[in-house]
Amino acid sequence: MKKRILTGDRPTGPLHLGHLVGSLQNRVTLQNEGNDVFVIISDFQVLTDRLDTKEVERNTFELLLDYLACGINPDKSTIFVQSRVPALAELFVYLSMLVSVSRAQTNPTVKEETKATAKGKMSLGMLGFPVSQAADILAFDTDVVPVGEDQLPHVEQARDAARTFNHVFGPTFKEPKALLSKMPRLMGLDAKQKMSKSRGNAIFLSDTKEEVLKKVKSATTDSGKDIVFDPEKKPAVSNLLQMYHLFSGKEIKAIEKMYEGKGYAPFKLDLAEVINAFLDPIRQTRAELAKDKTYLSLVLREGTVRAQEASETVMQKVRKHMHYDYPSIFHHGG
Ligand code: ATP
Ligand code: MG
């Protein structure tokens, strides 16, 4: 049966390898299996940890290019901009009344994000953004949310919000399920934290060959020079081996064998080549698509209208169940 899928990204920069293996590949598969995929460009969420908004529009187009170049087909899937769908803000207001501050404060990802990118200063918007995300998910009657591991606490909060709403106002929402990929948390090139757009540790899908080579060459390694997979003792090299495996399709054991006694330098050169070979077709499609700004704008406009319609259908049910479909002056003939 056709499922409703919702997932997305913040327009804080272009997408990286972590997005690709953590969520994007799953989105494309779900789309090609005939599901109804909605991809949200979460521009409200940009504001959780920064107030410099000059790059948001440019980053929105960067995300769109990444989606299209990786196989999201706008004839099958809906790509839209969060702030242009007013129902999401409305539902956020309703849901935020159902969540206690102490419940919001238990979300570990909010704490991690605050530490990593907001210099430890937590805004009310940062504390509440999982509830805003719950509104995004529930407003589309979502069944499945393909996400990276850092998002699991947020999907849990969306399930909580659905349950509480259903309890208070009667059965309205489904409880959405998170879908993790085989690689739900790709570590960054610093090997210390997850690969992230905003933490200077990412290989972007749009990086040039030279940038990829430079980044891989300067990636953190562990002491000793053996290329062996041991996430406990050699987290950095293990992470690079994972990447080699993911983007070449070779088994980790086979890769270890190839570099026995060879040291980091040739391994890193080859890894850069493996990543570049994988990214080449994506880069080419991306460059072609980038020439047609009119088409890109049309994709976003049409997607956003579809998202407005789909969320409005759910919101009519929400307002009715809350007795907020009043006053009667808004009804035909009322
Ligand atoms: P930022 O640093 O600006 O928060 P980000 O790299 O964390 O950017 P998001 O837009 O916050 O990217 O996340 C979008 C989606 O990609 C989420 O589902 C998230 O779980 C997933 N994701 C992000 N980074 C990784 C990663 N390193 N490994 C796997 N999945 C990831
Ligand atoms: Mg993030």
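Laboratory data are not the source of any read-out in this text; all were calculated from the coordinates shown. Treat the numbers as computed from the prediction; the structure is a model and nothing was measured. Cβ placement follows ideal geometry from the backbone for every residue including glycine, while neighbour counts extend to all protein chains displayed.
Using a cut-off of 11 Å between beta-carbons, work out the net charge of the residues near V85 (Lys and Arg +1, Asp and Glu -1, V85 not included).
Here the charged neighbours net out to -3.
Kindly provide log₁₀ I(q)/I(0) values, in the same order as q = 0.11, 0.14, 0.21, 0.25 Å⁻¹, from the Debye equation applied to equal alpha-carbon scatterers of the stretch 209-288.
Evaluating at q = 0.11, 0.14, 0.21, 0.25 Å⁻¹ gives log10 I(q)/I(0) of -0.29, -0.45, -0.92, -1.24.
Counting DSSP beta bridges in the chain, what percent are antiparallel, to the nearest 5?
Rounded to the nearest five, the antiparallel share is 20 percent.
Could you give the size of the charge dipole of the stretch 88-223 about its Cα centre, using +1 on the Cβ of each K and R and -1 on the Cβ of each D and E, expressed in debye and rounded to the nearest 20?
480 debye
With 23 Å as the limit, write out which pairs from K111/K317; K192/K257; K111/K174; K197/K250; K217/K250; K217/K262 have Cα-Cα distances beyond it, or answer none.
Result: K111/K317; K192/K257; K111/K174; K197/K250 exceed 23 Å.
From the phi of every residue in the stretch 222-239, what ³J(HN,Hα) in whole Hz does the Karplus formula 6.51 cos²θ - 1.76 cosθ + 1.60 yield, where θ is phi - 60° and glycine or proline is x?
Using θ = phi - 60°, the values come out as 9, 5, x, 10, 7, 9, 10, 8, 8, x, 6, 8, 10, x, 5, 5, 4, 5 Hz.
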